[in-house]
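The values are calculated or read from the model by the stated rules, or taken from the named source; none is laboratory data. Computed from a predicted model, the values in this text were never measured in an experiment. All Cβ positions, glycine included, derive from the backbone under ideal geometry; neighbour counts span all protein chains shown.
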Amino acid sequence: LWRTQALRGGILGGGWNQYRGPCRVRAWDWGVPGRLELVGGGWCMSDEAAAHYSPALEQLALGRRFLRQELGGCATPRVAWQIDPFGHSRQLAAIFAQMGYDGLFVGRVDHQDKGTREELRELEMIWRASGSLDPPSADIFTGILPNVYNPPSGFCWDQLCSDPPVVDEDSEENNVDNIVSSFLHIALSQRYRTNHIIMTMGSDFHYENANLWFKNMDKLITHVNARQANGSRVHVLYSTPSCYLWELHQANLSWSLKTDDFFPYSDGPHQFWTGYFTSRPAFKRYERLSNNFLQICSQLEALAGPVAREGPYGPGDSSVLREAVAVAQHHDAVSGTEKQHVADDYARQLAEGWESCQVLVANALASLGGRKENFVFCNALNISVCPLTETTSRFTLILYNPLGRPVSWPIRLPVNGASYAVTDPQGQPVLSEVSPGCPPPHPGVSPPPAHELGVTGVTLDPQHVRVLFDPLTGHLKEIQNLDKSISLPVFQSFYWYNASVGNDESLQTSGAYIFRPNSSQPIPVSSSKRVPTYLVKNALVQEVHQNFSSWCSQVVRLRVGQPYVELEWTVGPIPVEDGWGKEIISRFETTLQTDGRFYTDSNGRQVLERRRDYRPTWNLSQTEPVAGNYYPVNSRIFIKDKKFQLTVLTDRSQGGSSIFDGSLELMVHRRLLYDDNRGVGEPLVELGANRQGLVVRGRHLVLLDTVESSAERHRLLAQELFMAPYVVLAPGGGSSYGRGQPSLQQFSGLRQELPPNVHLLTLAPWGAGTLLLRLEHQFERGESANSSQPVTIDLLTLFSAFAITSLQEMSLGGDLPLDAVSRLVWTPSRPVPKLDPSRVTLQPMEIRTFLATVQYQEPGAGVGGA
């Protein structure tokens with residue numbers, strides 16, 4: 001039995017052998033150091049569906065670093081503890097393995113999957129979480145707990161419980177025989193491969209009265225073990241996950257191998273937890289933007305040095321936003337499964353973090369640019385509001401690109417003038433246009449000047465992509481890739497699923513967690529066959545504005561030089577006056593022959609094949625043909641045949657699927673009237689600022705390509721969307737800043753751009769004179785003929801703002817030297833190669849982490865360039 005309130009209860013089981021290492025002692029020896037074990041160790045227990053791999057990795061590293069700093073090296077967690085997330089991802093399993101964890105324990109897996117594994121005694125396995133990394137780099141021993149995180153039935157002892165206590169006094173109420181017999185029956189019926197059994201003791205909000213728990217567990221242990229005098233072979237003891245894992249390792253067995261993931265999760269025939277892939281879409285976007293800004297803040301802090309924290313704009317601090325983004329990864333945060341007031345508090349924490357980081361960014365820009373400006377941060381650009389640009393005829397725009405390579409990225413600002421002249425840092429003109437605003441979606445309101453589409457329809461045709469629309473209905477009907485001379489019929493529109501309120505088959509309703517439509521056929525948002533459509537064209541951009549209803553509209557946009565179609569959708573307030581909750585989808589229908597297959601990303605990194613009504617590791621009995629085929633989409637979803645591929649990139653986490661061949665769909669918004677009885681205790685009804693219902697705006701980027709050439713362009717574009725350039729504004733020139741150095745119009749923190757297959761994942765201060773650096777190979781093995789090759793980087797000459805004087809390779813979490821990581825060996829491992837900082841080689845999907853001691857250049861010296 002392992003006790004802790006924060007981690008939801010205890011563990012019963014384990015073995016007698018001492019766990020290895022200087023910090024490990026017998027778990028039952030409570031009188032000596034080492035009696036407490038910490039598991040998990042992240043800033044939170046993160047979600048695994050809606051969390052992108054970058055902030056998920058960062059929050060885990062942040063928590064581990066905190067434990068090491070506050071409690072010492074013996075506090076380093078050895079076991080990943082993901083007992084409450086609602087499904088488990090392959091990419092996060094790979095991250096746990098590379099962090100140095102010996103094993104991973106999970107609580108929730110599909111009820112059919114668990115039943116099959118119990119029959120086969122495969123509740124414990126080796127999870128090979130990457131097809132690109134050589135084993136055992138991404139292999140991790142994974143165990144499924146017997147009761148999620150709850151105690152066995154009948155053994156709950158807390159003030160929230162109603163199970164009878166153990167009465168061992170000499171009285172008529174003595175129930176020791178019954179309690180012990182029941183426990184022995186449960187223990188002997190467990191379907192695990194060894195004679196060591198783990199049992200969690202505790203649950204949500206338990207140990208409020210810890211005395212009840214421990215008094216009864218002490219009695220249980222005493223009386224169960226006393227049965228050994230009569231031949232019982234069951235021995236019970238307080239233990240820890242690491243002790244249990246050690247005993248399994250000592251058994252020296254061969255374990256089954258898992259290579260897919262644990263999505264989607266259902267705990268009953270009509271109870272698929274796939275709604276939370278989309279729940280709270282505005283917060284999901286805010287979390288995504290916040291991580292984007294955090295990385296920019298961290299990079300600028302690293303490039304500018306200490307002056308970023310104590311500069312002309314006051315004290316700046318990245319830790320406020322870092323901690324807010326970290327806790328936003330919680331499995332009841334970015335997932336959207338929290339109560340409304342809790343979601344509001346998460347947003348408040350992020351907003352405070354933005355404020356603190358904006359001071360730091362201003363200090364860094366002043367130092368690196370050599371010029372103090374009245375920097376302005378327009379935080380409401382998502383609703384086209386920026387007082388500076390709307391009231392000033394002349395202003396400066398500063399763009400920071402956090403990627404290690406040049407990008408071409410459109411910038412849109414709300415303005416009040418009829419024409420503007422835009423120049424680059426060299427004074428050369430930059431193409432720009434002033435476009436009219438979007439036609440309002442509400443009936444009875446006149447649109448701004450534009451061209452209404454007639455029966456002849458319209459064609460959007462800049463450089464690389466052409467889009468055709470149906471002249472009768474106004475819907476998109478065809479996409480053409482002009483570079484590849486290919487075309488594909490593509491029909492796109494918006495629909496909504498009626499949210500179930502329960503029926504004769506099941507009382508289960510749709511809620512924050514669960515998606516359950518009352519019909520497999522969605523209802524078109526537009527009640528008319530014709531969608532009112534308006535055309536806006538200029539030299540840089542062409543747009544078709546579509547109004548599907550008073551609460552659902554879309555802009556189909558093509559830009560010069562842009563190899564994709566941008567769909568900017570606005571949905572809400574979702575009407576519920578008819579008494580029905582609604583789940584809104586954007587659906588694409590094509591003529592591709594997809595054979596029931598489609599593809600989704602794993603936390604924005606790996607790509608997994610999905611098959612409709614199919615699971616790789618058991619024979620699925622499908623009871624929900626829509627919800628049971630939904631998967632998390634963090635960055636992209638695509639369908640393909642032997643020739644063509646249609647990909648949709650998302651700007652936040654969403655649920656997606658291919659319900660019939662040639663189609664794909666993404667759920668963009670949902671508003672529900674009933675709780676789904678999974679713990680939130682309230683329906684998912686976000687009212688928004690107007691208290692009438694939340695309005696959400698987002699973007700889908702649609703790409704048509706040939707199968708053989710799609711991977712590189714699509715992955716790089718997804719990374720650009722995730723780590724987009726950041727805009728800072730200033731009304732005009734300011735006083736010189738620093739030691740009289742000339743002001744810079746352009747700055748690069750790198751001396752040369754990174755290869756396209758390398759991403760600067762982390763550049764952040766780590767201590768006095770030290771920086772944490774993570775580089776990743778962002779392509780999978782075999783994904784691209786060119787970009788899936790190994791690549792070598794010279795770190796010593798890479799950066800311009802500082803010189804690296806020494807370099808040490810660390811574990812993925814950055815808290816341990818790589819050569820100090822010692823994992824339980826379940827499969828043969830390879831030695832750590834000697835580090836040569838001038839030749840750091842990255843294999844496909846590999847992330848390498850370094851602790852760099854740096855010396856900063858003089859301000860303004862040697863930092864110019866592209």
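Kindly evaluate Asn363 against the criterion of being surrounded by fewer than 20 Cβ atoms within 10 Å (Cβ to Cβ) and of a type in the set (S, T, N, Q).
Taking the combined requirement at face value, the residue does not satisfy it.
What pairs come up if the first residue lies in segment 816-829 and is in a loop (DSSP other than H, G, I, E, B), the second is among the β-branched types (Val, Ile, Thr) and modelled with pLDDT of 90 or more, and their beta carbons are under 8 Å apart, counting only those six or more places apart or on different chains?
Hits for this filter: Leu816/Thr76; Trp826/Ile126; Thr827/Ile126.
Would you call Arg557 surrounded by 21 or more Cβ atoms within 10 Å (Cβ to Cβ) and among the basic types (Lys, Arg)?
Against the criterion (surrounded by 21 or more Cβ atoms within 10 Å (Cβ to Cβ) and among the basic types (Lys, Arg)), Arg557 qualifies.
Please find, within segment 333-342, the residue that is nearest to Glu323 (Cα to Cα) out of those that are buried (at least 20 other Cβ atoms within 10 Å of the Cβ) and of a type outside the set (Val, Ile, Thr).
Top of the filtered list is Ala333.
Might you check whether a residue that is under 26 Å from Arg697 (Cα atoms) and either touching a Gly at 6+ places or on another chain (Cβ under 7 Å) or buried (at least 18 other Cβ atoms within 10 Å of the Cβ) (or both) occurs anywhere in segment 306-321?
yes
Can you say whether Glu478 is part of a strand (DSSP E or B) and without any contact (Cβ under 8 Å) to a residue 40 or more places away in the chain, as far as the supplied structure shows?
Answer is yes for this residue.
Residues are listed down the side, and each one gets a yes or a no for (1) within 19 Å of Ser663 (Cα to Cα); (2) within 30 Å of the chain's Cα centre (by Cα):
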{"site": "Arg516", "(1), (2)": "no, yes"}
{"site": "Val525", "(1), (2)": "yes, yes"}
{"site": "Lys537", "(1), (2)": "no, no"}
{"site": "Leu540", "(1), (2)": "no, no"}
{"site": "Asn547", "(1), (2)": "no, no"}
{"site": "Gln554", "(1), (2)": "no, yes"}
{"site": "Leu558", "(1), (2)": "no, yes"}
{"site": "Glu568", "(1), (2)": "no, yes"}
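Scan segment 514-535 for residues that are aliphatic (A, V, I, L, M), buried (at least 19 other Cβ atoms within 10 Å of the Cβ), within 30 Å of Pro683 (Cβ to Cβ) and out of contact with any Lys or Arg (no Cβ under 7 Å at 6 or more places or on another chain) and jot them down.
Within segment 514-535, just Val525 meets the criteria.
Would you mind finding the one in Leu684, Leu673, Leu666 that is in contact with a helix residue (DSSP H, G or I) (Cβ under 9 Å, 6 or more places away or on another chain) and either basic (Lys, Arg) or assigned by TED's automatic domain parsing to the domain that holds Ser709 (or both)?
Of the residues listed, the single one that is in contact with a helix residue (DSSP H, G or I) (Cβ under 9 Å, 6 or more places away or on another chain) and either basic (Lys, Arg) or assigned by TED's automatic domain parsing to the domain that holds Ser709 (or both) is Leu684.
Is it true that Ala627 is under 30 Å from Leu92 (Cβ atoms), among the aliphatic types (A, V, I, L, M) and not assigned by TED's automatic domain parsing to the domain that holds Glu846?
For Ala627, the condition - under 30 Å from Leu92 (Cβ atoms), among the aliphatic types (A, V, I, L, M) and not assigned by TED's automatic domain parsing to the domain that holds Glu846 - is met.
Can you tell which of Leu687, Leu649, Leu673, Leu694 is aliphatic (A, V, I, L, M) and part of a strand (DSSP E or B)?
Checking each option against the conditions leaves just Leu649.
Say whether the condition of being hydrophobic (A, V, I, L, M, F, W, C) and farther than 21 Å from Asp578 by Cβ is met by at least one residue in segment 544-553.
yes
Hey, can you tell me all the residues within segment 613-646 that are over 14 Å from Ser266 (Cα atoms), in a loop (DSSP other than H, G, I, E, B) and in contact with a Gly (Cβ under 6 Å, 6 or more places away or on another chain)?
The answer is Asn634, Ser635.
Which of the residues spanning segment 226-238 are over 15 Å from Asn195 (Cα atoms) and surrounded by 15 or more Cβ atoms within 10 Å (Cβ to Cβ)?
Arg227, Tyr238
Among the residues of segment 320-350, count how many are in a helix (DSSP H, G or I) and touching a residue at least 24 places away in the same chain (Cβ under 8 Å).
Of the residues in segment 320-350, 14 are in a helix (DSSP H, G or I) and touching a residue at least 24 places away in the same chain (Cβ under 8 Å).
Please pick out the residue among Val342, Val320 that is closer than 22 Å to Arg64 by Cβ and at pLDDT 95 or above.
Residue meeting the stated conditions: Val320.
When you check Ala364 against the structure, is it touching a residue at least 40 places away in the same chain (Cβ under 8 Å) and within 19 Å of the chain's Cα centre (by Cα), yes or no?
In short, no.
Out of the strands (runs of 3 or more DSSP E) lying entirely within segment 761-812, which hold 1 or more residues that are on the phi > 0 side of the Ramachandran plot, crowded, with 20+ Cβ neighbours inside 10 Å and of a type outside the set (Lys, Arg)?
Result: empty, no element qualifies.
Output the number of residues of segment 418-448 satisfying the condition of being small (Gly, Ala, Ser), surrounded by 11 or more Cβ atoms within 10 Å (Cβ to Cβ) and modelled with pLDDT of 85 or more.
The total comes to 1.
Quick check on Tyr599: is it surrounded by fewer than 24 Cβ atoms within 10 Å (Cβ to Cβ) and touching a Phe, Trp or Tyr at 6+ places or on another chain (Cβ under 8 Å)?
Criteria met by Tyr599.
Inside segment 703-715, can you point out the residues that are surrounded by fewer than 21 Cβ atoms within 10 Å (Cβ to Cβ) and not in a helix (DSSP H, G or I)?
Thr706, the sole residue that qualifies.
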